[in-house]
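Asks: To start, I am sharing the structure in question, which I have written as structure tokens.
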Amino acid sequence: MTYPIPESLSDTHEGAEWALAAILGDRLVGLLYLSTVAPALVEHLDTPSSEFVIKRWVQTAPADLRELQALGDVSAGIVTEDGFEARWQLAEWQPGDQLPERSAS
């Protein structure tokens with residue numbers, strides 16, 4: 001689903017890139033660009049394992065995640081000119097939750 005970016009967050013709209021967003025009901029209420037808080041992470045997000053990479057990173061970023069969780073349900077996705085395109089909801093993953101270790105392939 002794509003959520004329009006409200007005027008109050010428009011100053012953070014920097015074009016198409018990965019972000020975490022807080023969603024309350026059907027409104028986007030918080031936006032955090034991953035290039036701002038985790039620039040090295042962004043390099044690994046255009047792969048089939050993007051969801052896994054974000055979920056692993058969330059475990060190490062409790063302050064950033066808690067800030068968004070205080071505003072609404074957190075999703076990861078891509079900001080485009082049309083708005084925030086939610087890919088995965090992260091609300092169910094809390095910092096410290098155990099995720100399966102990535103197997104060596």
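Asks: Out of everything in region 1-50 that is hydroxyl-bearing (S, T, Y) and part of a helix (DSSP H, G or I), what residue ends up being farthest from the chain's Cα centre (by Cα)?
Replies: The qualifying residue farthest from the chain's Cα centre (by Cα) is S8.
Asks: Is it the case that F52 is of a type outside the set (G, A, S), at pLDDT 80 or above and within 21 Å of A16 (Cβ to Cβ)?
Replies: No: the conditions fail for F52.
Asks: Now a separate question. Residue by residue through region 15-34, note down the ones that are surrounded by 17 or more Cβ atoms within 10 Å (Cβ to Cβ) and of a type outside the set (F, W, Y). So that I can check it myself, show each step before the final result.
Replies: At the first step, the residues of region 15-34 found to be surrounded by 17 or more Cβ atoms within 10 Å (Cβ to Cβ) are 18-23, 28-34.
Correct list: A19, L20, A21, A22, I23, L28, V29, G30, L31, L32, L34.
Asks: Scan region 62-77 residue by residue and report those that are outside any helix (DSSP H, G or I) and buried (at least 18 other Cβ atoms within 10 Å of the Cβ).
Replies: V74, S75, A76, G77
The values are calculated or read from the model by the stated rules, or taken from the named source; none is laboratory data. Computed from a prediction, not measured in an experiment: that's the story for all the values here. Neighbour counts are summed over all protein chains in view; Cβ atoms, including those assigned to glycine, are modelled from backbone coordinates with ideal geometry.
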